[in-house]
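Laboratory data are not the source of any read-out in this text; all were calculated from the coordinates shown. Since the model is a prediction, treat every value here as computed from it, not as a measurement. Every residue, glycine as well, gets a Cβ built from its backbone with ideal geometry; the counts of neighbours run over all protein chains shown.
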Amino acid sequence: MSAASTPQAPPAPDPRDELPEHLASLRAFAISLCGNAAMADDLVQDTIVKAWTNIDKFQAGTNMRAWLFTILRNTFFSVNRKRKREVSDSDGVHAASLYEKPAHDGRLAFNDFRKAFDQLSPEHREVLILAGASGFSYDEVAEMTGVAVGTVKSRVNRARARLCDLLGLAAGDDPISGGDADTLAVMGRSGVHAA
Amino acid sequence: MHAKNRNKDADALRAQIDENLKKVYQQALEEQVPDRFRDLLEQLRQKEAKG
């Protein structure tokens, strides 16, 4: 880069020095994606090794977190194709262990939400976490997942609709004013879906 | 139901979904990162220094 033009300039920093800063978010993405800490840690491990050995492919000045997340999701989806059954089984166990009585105020209880989230397809979990929770733009998500921006948007909408479906909520229902009756309905339906 | 209320409800639901999604990610983010990853980076660094 431009560092070469000034003789006293220090050597270009090694982008690998930045890797430790991204471990927590990389692992959070992995856990959100596969809902299983052991598998998430294996994914993070594979991602670190791949990032380390392919660091020459990282473009200095670009978003390293996005680059790492891309390696992780590509690894996840290539592994996931091989052991799909195993993944869905472990998700089922995870979902079953999360049941808790919903809050009395009728708000969408986090444990119900989590249980529904874990039942989404990995593609839906991915797009909701990337575009919704971890703060990437639709453009960035499109680049990371290798699809068009329009596909990201429609995938987000379908993932949200599926979540509402799993929670027993129509997209226009209001979980705040619904009170106990709706809360019970959410509980009942979640139970059926979890079976 | 009135269309206006319906929109408001949809917005409220949307906001709650967003909030819960952030929580899914945030909870995982707050977990302690296992030492094995820093150890792994150290191993990779040492291996390269030797090679």
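Here are the numbers:
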item: Förster radius 51 Å - calculated FRET efficiency between B:R38 and B:R14, Cβ distance, rounded to 0.05; result: 0.85
item: Farthest toward positive dipole pole in the stretch A:20-87 [+1 Lys/Arg, -1 Asp/Glu at C-beta], among A:A28, A:T62, A:T75; result: A:T75
item: Exceeding the 26 Å Cα-Cα cut-off - candidates A:K153/B:K4; A:K57/B:K50; A:K57/B:K47; A:K50/A:K153; A:K57/B:K23; A:K57/B:K22; result: A:K50/A:K153; A:K57/B:K23; A:K57/B:K22
item: Computed [θ] at 222 nm, helices only, for chain B once each DSSP H run of length n ≥ 4 contributes -39500 (n - 2.57); result: -29500 deg cm²/dmol
item: Per-residue ³J(HN,Hα) for the stretch A:111-116, Karplus 6.51 cos²θ - 1.76 cosθ + 1.60, θ = phi - 60°, Hz, x for Gly and Pro; result: 5, 5, 4, 4, 5, 5
item: Charge-dipole axis of the stretch B:3-50 as Lys and Arg at +1 and Asp and Glu at -1 on Cβ define it, positive-most pick from B:Q32, B:A15, B:A49; result: B:A15
item: Least to most buried among A:L26, B:L44 (fewest other Cβ within 10 Å first); result: B:L44, A:L26
item: Ranked A:T62, A:T47, A:T145, criterion: other C-beta atoms within 10 Å, fewest first; result: A:T62, A:T145, A:T47
item: Integer Hz, Karplus 6.51/-1.76/1.60 couplings in order for the stretch A:15-27, x for Gly and Pro; result: x, 5, 4, 7, 3, x, 5, 9, 4, 5, 6, 5, 5
item: Neighbouring partner chain Cβ atoms per residue of B:4-17, average, 10 Å criterion; result: 5
item: In nm, spacing of pseudo-spin labels at B:A3 and B:Q27 (7 Å Cα→C-beta vector); result: 3.9
item: Karplus 3J(HN,Hα) series, Hz, for the stretch B:31-42 with 6.51 cos²θ - 1.76 cosθ + 1.60 (x for Gly, Pro); result: 5, 5, 6, x, 4, 4, 6, 5, 4, 4, 4, 5
item: Chain B - charge dipole about Cα centre, Lys and Arg +1 at Cβ, Asp and Glu -1, debye rounded to 20; result: 200
item: Once the Cα gyration tensor of chain B is diagonalised, semi-axes √(5λ) in Å; result: 49, 11, 4
item: Cβ-derived FRET efficiency at R0 35 Å, A:A12 paired with A:V49, nearest 0.05; result: 0.95
item: FRET efficiency, 1/(1 + (r/R0)^6) with R0 25 Å, evaluated for A:Q59 and B:Q46 via beta carbons; result: 0.40
item: Cβ charges +1 (Lys, Arg) and -1 (Asp, Glu), total dipole of the stretch A:20-87, debye; result: 360
item: Footprinting exposure proxy for A:V149, A:V127 (fewest neighbouring C-beta atoms within 10 Å first); result: A:V149, A:V127
